[in-house]
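The values are calculated or read from the model by the stated rules, or taken from the named source; none is laboratory data. Just so you know, these numbers come straight off a predicted model, no measurement behind them. Please note: Cβ atoms are built from the backbone with ideal geometry, for glycine as well, and neighbour counts cover all protein chains shown. In case anyone asks, the SASA skips ligands and DNA or RNA and just uses the protein heavy atoms, side chains included. Shrake-Rupley method; radii C 1.70, N 1.55, O 1.52, S 1.80 Å.
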Amino acid sequence: MTLTAERIRAALAPRAVWYYEQVGSTNDFALDWLRDGAAAGSVVVADEQLQGRGRMGRTWRTPPGVALAVSVILRPPPDTLSQVSMLGALAIADLCEKVGLHDVGIKWPNDVQVAGRKVSGVLPEAIWDGERLLGVVLGMGVNVRVDFTGTELAETATSIEIELGRPLDRTELLAFLLKRVDYWVEQLGTPAVYDAWKGGLTSVGQWLVVGQHEGRAEGVDDQGALLVRTSTGVLKRIMAGDVMLGQ
Ligand code: BTN
């Protein structure tokens, strides 16, 4: 079913929502709205992104009719900032489980995978006024029925409908996703977010390569860093990067 402003507004009421058929990036619209004073919980949704942004300066594909591209405005306490990226992954993992998917896990730091393939990405972006945190835009992209066949992502990415084998209604998915975001936002600052995120991580215990480092992932810390013991025995604390499985 197509996304329409009317259906989305009805499903997400009373939340403030901007819906666009096509945007550059929902995060960019949400960042502007945040600066203009949008209330916490306000949401920007688009059917298609032309310049969707991913982690580490990459682009993120959101073709029309096949995905969710959503950016939620949050105004969290600054000392909970590291948990915002975790809660995005948790809300998407909850969504995957809710629709009946099995083998759902979080690849460090915040990729939700189904059967080892990425179904979503999370991009939190904070705005500061000097030392004061104005707010955070939590961008989430979910592959609902994106077909990666024949692309360079064919082996590593998938879509929830394809894994499930039945059609889903993107408006219903969006409404549930935002309910779970609200739930986890309520838990910010408690151990619940970190504990659930840590519990969902599949990367710990594995031998992997992250940027220039290679070693065994021994764990994570409560700031979301990955702790990797290299082959020379040194423990590296990695704050950002892409994890690839090593030998
Ligand atoms: C990643 O690289 O894994 C993160 C991808 C985040 C994509 C989402 S889609 C909605 C929001 N708008 C953007 O431009 N990016 C995020």
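Among residues that are free of Cβ contacts under 8 Å to residues at least 60 places away in the same chain and touching a Ser or Thr at 6+ places or on another chain (Cβ under 6 Å), residue 215 is included. Scanning the stretch 195-206 for residues that are in contact (Cβ under 8 Å) with a residue 24 or more places away in the chain, in a helix (DSSP H, G or I) and closer than 26 Å to residue 246 by Cβ yields 197, 200. Among the residues of the stretch 34-50, the ones that are near the ligand (Cβ under 9 Å from one of its atoms) and either over 17 Å from the mean Cα position of the chain (by Cα) or small (Gly, Ala, Ser) (or both) come to 1 in all. On the stretch given as the stretch 137-150, residues that are free of Cβ contacts under 8 Å to residues at least 60 places away in the same chain and either touching a His at 6+ places or on another chain (Cβ under 7 Å) or surrounded by 14 or more Cβ atoms within 10 Å (Cβ to Cβ) (or both) total 1. Only one of the numbered conditions (1) touching a residue at least 40 places away in the same chain (Cβ under 8 Å); (2) surrounded by 17 or more Cβ atoms within 10 Å (Cβ to Cβ); (3) among the β-branched types (Val, Ile, Thr) is violated by residue 127, and that is (2).
None of 42, 85 is closer than 17 Å to residue 142 by Cα, open to solvent by less than 60 Å² (accessible area, probe 1.4 Å), touching a residue at least 24 places away in the same chain (Cβ under 8 Å) and among the polar types (S, T, N, Q) except 85. Determine whether residue 133 is open to solvent by 10 Å² or more (accessible area, probe 1.4 Å), touching a residue at least 40 places away in the same chain (Cβ under 8 Å), away from the ligand (no atom under 16 Å from the Cβ) and under 23 Å from residue 179 (Cβ atoms). So residue 133 does not fit the description; no. If you check 14, 78 for being under 16 Å from residue 138 (Cβ atoms), away from the ligand (no atom under 14 Å from the Cβ) and surrounded by fewer than 17 Cβ atoms within 10 Å (Cβ to Cβ), only one passes: 78. The condition of being under 27 Å from residue 172 (Cβ atoms), surrounded by 24 or more Cβ atoms within 10 Å (Cβ to Cβ) and within 13 Å of the ligand (Cβ to nearest atom) holds for residue 119. Only one of the numbered conditions (1) at negative phi; (2) out of contact with any Pro (no Cβ under 8 Å at 6 or more places or on another chain) is violated by residue 65, and that is (1). Which residue is surrounded by the fewest Cβ atoms within 10 Å (Cβ to Cβ), if the candidates are limited to the stretch 151-184 and must be among the β-branched types (Val, Ile, Thr), outside any helix (DSSP H, G or I) and free of Cβ contacts under 8 Å to residues at least 40 places away in the same chain? Checked the stretch 151-184; the qualifying residue surrounded by the fewest Cβ atoms within 10 Å (Cβ to Cβ) is 151. The number of residues in the stretch 83-113 being charged (D, E, K, R) and part of a strand (DSSP E or B) comes to 2.
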